[in-house]
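The values are calculated or read from the model by the stated rules, or taken from the named source; none is laboratory data. Predicted model, so just to flag it, every value in this text is computed and none were measured. Note that each Cβ is placed from the backbone with ideal geometry, even for glycine, and that neighbours are counted across all protein chains shown. Please note that ligands, DNA and RNA were not included when accessible areas were found on the heavy atoms of the full protein model with its side chains. Shrake-Rupley method; radii C 1.70, N 1.55, O 1.52, S 1.80 Å.
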Amino acid sequence: MRTINIPAQTVTEKIQSVNYYVDVYVDIMIGIGTDVNGVFEFSIPQQFDNVKIVDCPAVINPQTEQVMTAAITDYSDLMAQFPGGSFTSDDLWPYIDLIRSRRT
């Protein structure tokens, strides 16, 4: 095993696909690539990042009834901001960043 320092990288991301399951969640595939003559080309090979905007219930300790993890209302917040799913792909970036910030 080893530990190395990798300098920060600047990458260009693009949403490859958005699947909107009404009243359930939004499934987003994000990839990296480059802009070639005004056309975005995904890098090959790569692993696409999958992000789901979904509500999650609170996790409650059954013995103490104490809230261990607060409820996450990402999907409800998205629908409140964009009723009826009237969002565009670019509207999803703040939600993607929020979800990624929770990953450990």
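Roughly what % of Cα-Cα distances in the stretch 16-76 sit above 16 Å, to the whole percent?
Numbers: 1153 of 1830 pairs.
Value for the stretch 16-76 (Cα pairs over 16 Å): 63 percent.
Tell me, what % of the accessible area of the stretch 24-104 is carbon and sulfur with a 1.4 angstrom probe?
Values: 3000 of 5380 Å².
Answer for the stretch 24-104 is 56 percent, counting heavy atoms of protein chains only.
Arrange the peptides 21-34, 55-68, 1-14 so that the one whose residues have, on average, the most other Cβ atoms within 10 Å appears first.
Values: 21-34: 15.1, 55-68: 9.7, 1-14: 6.4.
Ranked from most to least packed, the peptides come out as 21-34, 55-68, 1-14.
Provide the net charge surrounding L98, with neighbours chosen by a C-beta distance below 12 Å and charges set as Lys +1, Arg +1, Asp -1, Glu -1. If you can, show how the numbers build up before the last one.
On the way: positive: R100, R102, R103; negative: D74, D77, D97.
Residues close to L98 contribute a combined charge of 0.
Would you mind getting the accessible area per residue of the chain, heavy atoms of the protein chains only, 1.4 Å probe, in Å²?
Values: 7770 Å² over 104 residues.
Result: 75 Å² of accessible area for each residue.
Kindly express, to the nearest 10 degrees and within the range 0 to 90, the angle between helix 93-102's C-alpha long axis and the longest C-alpha principal axis of the chain.
70
Using a simple charge model, +1 on the beta-carbon of Lys and Arg, -1 on the beta-carbon of Asp and Glu, nothing else, what dipole does the stretch 12-104 show about its Cα centre, in debye to the nearest 20? Intermediate results must be reported in sequence, preceding the final value.
Numbers: 5 positive and 13 negative charges, 46 e Å.
Dipole about the Cα centre, nearest 20: 220 debye.
What number in nm² do you get for the chain if you take the convex hull of its Cα atoms and divide its surface by four? Kindly include the intermediate steps, with their values, before the conclusion.
Details: hull surface 43.3 nm².
Directional mean of the projected Cα hull area for the chain stands at 10.8 nm².
Which of the peptides 71-80, 40-49 is most tightly packed, and how do the rest follow, judged by the mean count of other Cβ atoms within 10 Å per residue? Could you put the intermediate results ahead of the total?
On the way: 71-80: 15.9, 40-49: 10.6.
Ranking, from highest mean packing down: 71-80, 40-49.
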